[in-house]
Amino acid sequence: MSWNLDETVRTSAGTVAAGRAGNGPPLVLAHGWPWSSFSWHRIIPDLSERFRVHWYDMPGYGRSDKDAEQRTSLDVQGTIFAEMLAHWGLDRPMVIAHDMGGATTLRAHLLHGCNFERYVLMNVVAMRPWGSEFFAHVGRHVDAFMGLPPHIHRAVVEAYIKGAIINDIDSADVEMLVKPWISEEGRASFYRQFAQADERYTAEVEPSFAEIRCPVQIIWGEDDPWIPIERGRALHALIPHASFEALPGIGHLPQLEQPDLVLGRLRSFLLGAER
């Protein structure tokens, strides 16, 4: 079973594109910024042999709605994650979150009452401060970036995405990561994400990390150029019952940079095997 988006779901933040595959215990994948559910496509076939895997493109991302007046900040994304679990009828799924999918699912769990069976946080945005100097710069000058000619905008998006990765990945994968952002609506949505970023949405949940109600595994690409591993270790310190594993020689996108290694770590944790 492979990655696809053959389902559309109406949510309070617009229509989202979604997919499901496999049989077994429910597992939900939460992507981050500036990715889409495609970022999981290398590990979905293996996971779907053991789990009923669910994924979706968050509002403003991938093939989901990208409306000009749409709010897609982290508070909205947490609400939509809860709505998607309700849509799928999932009371206690396993969850794997990456990048801002971390903050999204943490809000769903700690503020919206969503329960998880097991919970993987991989190179996540979860604690202040977050966002690079470039991220902050674009947020302050969104209008100027919105006016970039299409070919320069594409170059910015591609360079930004490649800046997260320290290992070579398939050029077709890079193209698929870039593609959602180069249409007219995609370009507007790309810069809108910078403008709507706000650390208060992680500040609201940081004091409650010790109250996470399920087993937690933190996985971190040790050489992440976006979110240094020190941030992962700091997160681990706030979740006393979590396990922590660094992945040497891997950057911000472990699931695309070294999918087989990541799958080995995920299997042992999600299936409850002794580590």
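How many Å² of accessible area per residue for the chain, probe 1.4 Å? The partial results should precede the final answer.
Values: 11040 Å² over 275 residues.
Per residue, the chain has 40 Å² of solvent-accessible surface.
Give the share of C-alpha pairs in each 5 angstrom bin for the stretch 90-184, from 0 to the last occupied bin, in whole percents, shortest bins first.
Taking every Cα pair in the stretch 90-184, the percentages come to 3, 10, 15, 18, 16, 16, 13, 7, 3, 0.
If you line up the Cα atoms of the stretch 136-275 on their principal axes, what length do they span on each, largest first, in Å?
53, 36, 23
For S171 and L148, what is the calculated FRET efficiency with R₀ set at 30 Å and r taken between the beta-carbons, to the nearest 0.05? Please report the intermediate quantities before stating the final value.
Details: r = 23 Å, r/R0 = 0.77.
Here the calculated transfer efficiency is 0.85.
Whole-Hz Karplus ³J(HN,Hα) for the stretch 93-105, in order, using 6.51 cos²θ - 1.76 cosθ + 1.60 and θ = phi - 60°, x for Gly and Pro?
The phi angles translate into x, 6, 9, 10, 10, 10, 6, 5, x, x, 4, 4, 6 Hz.
If you take the alpha carbon radius of gyration of the chain and divide it by 2.2 N^0.38 Å, what ratio comes out, to two decimals? Write out the running numbers ahead of the final one.
Details: Rg = 17.2 Å, N = 275, 2.2 N^0.38 = 18.6 Å.
Scaled against compact globular proteins, the figure is 0.93.
Extent of the stretch 214-275 along each principal axis, from alpha carbon coordinates, in Å, largest to smallest?
Principal extents (largest minus smallest coordinate, Cα): 30, 28, 14 Å.
Quick one: Cα centre-to-centre distance for the stretch 85-105 and the stretch 137-170, in angstrom?
28
Could you go through the stretch 237-243 in sequence order and give the Karplus-derived ³J(HN,Hα) for each residue, using 6.51 cos²θ - 1.76 cosθ + 1.60 with θ = phi - 60°, rounded to whole Hz, and x for Gly and Pro?
So the J values, rounded to whole Hz, are 5, 8, 10, x, 8, 7, 8.
Given points 7 Å out from each Cα along the Cα-Cβ axis, report the K179 to F134 separation in nanometres with one decimal.
2.3
Going 7 Å from the Cα of S12 along its beta-carbon direction, which residues of the stretch 96-139 have the amide nitrogen within less than 18 Å of the resulting point?
Those under the cut-off are 104-115.
Taking all protein chains in place and a 1.4 Å probe, what share, in percent, of the accessible surface of the chain do carbon and sulfur account for?
Values: 5500 of 11040 Å².
That fraction is 50 percent.
At each listed q (0.18, 0.20, 0.21, 0.26 Å⁻¹), what is the log10 of I(q)/I(0) that the Debye formula gives for the stretch 47-110 modelled as equal alpha-carbon point scatterers?
-0.69, -0.84, -0.92, -1.29
Along the stretch 119-128, what does the Karplus equation 6.51 cos²θ - 1.76 cosθ + 1.60 (θ = phi - 60°) give for ³J(HN,Hα), rounded to whole Hz, x for Gly and Pro?
Listing the rounded values in order: 9, 10, 10, 10, 6, 9, 7, 8, 10, 6 Hz.
The values are calculated or read from the model by the stated rules, or taken from the named source; none is laboratory data. Keep in mind it's a predicted model, so treat the numbers as computed, not measured. Cβ: placed from backbone, ideal geometry, glycine included. Neighbour counts: every protein chain shown. Just the protein is used for accessible areas: all its heavy atoms, side chains included, with ligands, DNA and RNA removed. Shrake-Rupley method; radii C 1.70, N 1.55, O 1.52, S 1.80 Å.
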